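Just below is one structure, and these are the notes that go with it.
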Amino acid sequence: MTGRRRPSTPPWLSGYTYSRLLGMGGFADVFLYHQQLPAREVAVKVLLEAHLDDATREQFVTEANLMARLSQHPAIVTVHHAGFASDGRPYLVMEHCSRPGLAERYRAERLSVAECLRIGIRLASAVQTAHDAGVVHRDIKPANVLTTDFGWPALTDFGIAAAVGLSEAAGMSIPWAPPELLGLDHVSDERSDLYSLAATVYSMLAGRSPFEVPGTRNSARELVDRIEHMALPPIGRSDVPAELVEILARAMSRKVEDRPPSAIAFACSLQTVEAAMGLPMTALDLIVSESDVATGGPREVPGLDDTTRDRQIVEPDTGETRAGSVIDRRAAKVRSSERSRRGTDQGGSASRTGGRRAARALVAVASLALVAVVVATAVVLGRPGSEARPTLSQHPGAPATVEAVVPTPADLVGTWAGDGSVAFTWTNPLPADGDRYQWVRLAPGSGSTQRAVTDTASVAVAAGPGESQVCIEVSILRADGRLSTRPAVGCVP
């Protein structure tokens, strides 16, 4: 965001009506438009004329195609359309994330450690998905993490800095940029993204960027000098576990080789903190191959680092230690039909369940067939012959916790009661001793949510004045603290 220039003129786009300016950046302006068919609000990012040439336009097409592929991920902003306006400016039509993003939140409110861990893990899975596709973000920071209507973090601006041929270390990116991007060579790889991701998690916890010193001058020159030479300052919160501080410091090491080897490894480290704090483990959203879905589950892969191993499986025939499979929020067999639903869901259907995030309920139907497969808490595996997706050996540092999938609640329905509340009920497809249920009130467009745990498979949710739709997300909570890999989502009406 910058106030140094006037916003550019919003372009005329066929099928869209301009509403207002959403934001300004160093390379582009973002406007709110109303899409006429299907009817919905969308964010349109338009590159500035000052950065346009033939090479930029060609690179823009490449980046737009990459973003469209990546935006299937639930923690990456969805790209609906891309094109060139009549005046030649490239534009992206994206989902409109109406709730305050991280840039607005981390300085204005004290985010809980639990929420910071949850956001960090979800973003790490998005980053790993990008890396698996050969894309390095290069500009991860709070301003590039939006919040969807249903409270999910959504990473945006993949490849924009590279597309316009500018320094990745320019402007507001400096506070979260790794040292290797601040030198003359601007060398970066996947581990540079890990530094910036850890710096973003640090900012959420500290309420400031990592090397910002309150009460002193924090110009670009001072920040660069501190990033290159100063030890990571304390976060300044007594409720932040020492283990989490150590994880962030390691991911922000000046030595690239000392950082986690992958985004999965970083996410799994955050999951160990969740476990130590007694928090429900946040699932990774990672893609498995079509053959895995078709055959009922991925193979096991040996050779994991014992320091990250929670439990091992020993093959009875060979005695070889192995570790097993993965979490997949978006089963490949239902991916295309789920994708087609998302446009309708975001367009205002009274029965929608929250866009692509709510499509988790649809994916859960397919995933129940995989309940019998042993599943690791945070690892993606491929089967023999699978070429489309990565295997565990491509994600060093990932742990090998092997446990059964916690199933999704079934038959989630709600009905209006006479007192203005909504009575939701559901069933547990695979009950276990000690099962309870965590439910979350989803409040689109609101800054607040309601969360509680119940012993029964039902809950009454009060509707606010004038509310015509009430939505909740329900997970099975096992006695050991594990939650459903894919919560059920239901709305009334």
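The values are calculated or read from the model by the stated rules, or taken from the named source; none is laboratory data. Computed from a prediction, not measured in an experiment: that's the story for all the values here. Ideal geometry is used to build each Cβ from the backbone, glycine not excepted, and the neighbour counts take in all protein chains shown. The area values use the complete protein model at the heavy-atom level, side chains included, leaving out ligands, DNA and RNA. Shrake-Rupley method; radii C 1.70, N 1.55, O 1.52, S 1.80 Å.
Only strands (runs of 3 or more DSSP E) wholly contained in the range 1-114 count here; list those with 2 or more residues that are closer than 30 Å to Ala206 by Cβ and within 28 Å of the chain's Cα centre (by Cα).
The qualifying strands (runs of 3 or more DSSP E) are 16-24, 28-35, 40-47, 90-95.
For the condition farther than 25 Å from Ala126 by Cα and hydrophobic (A, V, I, L, M, F, W, C), what is the one hit in Leu21, Leu32, Leu70, Leu47? Reasoning before the result, please.
Numbers: Leu32 fails: farther than 25 Å from Ala126 by Cα; Leu70 fails: farther than 25 Å from Ala126 by Cα; Leu47 fails: farther than 25 Å from Ala126 by Cα.
Of Leu21, Leu32, Leu70, Leu47, the one residue that is farther than 25 Å from Ala126 by Cα and hydrophobic (A, V, I, L, M, F, W, C) is Leu21.
Looking at the range 44-84, which of its residues are modelled with pLDDT of 90 or more and open to solvent by less than 20 Å² (accessible area, probe 1.4 Å)?
Selection gives Val44, Val46, His73, Pro74, Ala75, Ile76, Val77, Thr78, Val79, Gly83.
Just to check your reading of the model, which residue among Glu212, Glu274 is in a loop (DSSP other than H, G, I, E, B) and within 20 Å of Cys116 (Cα to Cα)?
Being in a loop (DSSP other than H, G, I, E, B) and within 20 Å of Cys116 (Cα to Cα) holds for just one of Glu212, Glu274, which is Glu212.
What is the one condition in (1) crowded, with 22+ Cβ neighbours inside 10 Å; (2) at pLDDT below 95; (3) under 15 Å from Ala124 (Cα atoms) that Leu270 does not satisfy?
Status for Leu270: all satisfied but (2).
What residue, among those in the range 85-98 that are farther than 13 Å from Ala43 by Cβ and at pLDDT 90 or above, is surrounded by the most Cβ atoms within 10 Å (Cβ to Cβ)? Give the derivation first.
Going residue by residue through the range 85-98, those that are farther than 13 Å from Ala43 by Cβ are 85-90.
Next, only the ones that are at pLDDT 90 or above stay: 85, 89-90.
Details: Ala85: 16, Arg89: 21, Pro90: 23.
Within the range 85-98, the match that is surrounded by the most Cβ atoms within 10 Å (Cβ to Cβ) is Pro90.
Restricting attention to the range 243-267, report how many residues are touching a residue at least 60 places away in the same chain (Cβ under 8 Å) and either surrounded by 22 or more Cβ atoms within 10 Å (Cβ to Cβ) or among the basic types (Lys, Arg) (or both).
Result for the range 243-267: 11.
Quickly run through the range 127-151 and pick out the residues that are assigned to a loop (DSSP other than H, G, I, E, B), open to solvent by 10 Å² or more (accessible area, probe 1.4 Å) and within 29 Å of Cys471 (Cα to Cα).
Asp149, Phe150, Gly151, listed by residue number.
Do the conditions hold for Val240, that is, is it β-branched (Val, Ile, Thr), outside any loop (DSSP other than H, G, I, E, B) and surrounded by 14 or more Cβ atoms within 10 Å (Cβ to Cβ)?
No: the conditions fail for Val240.
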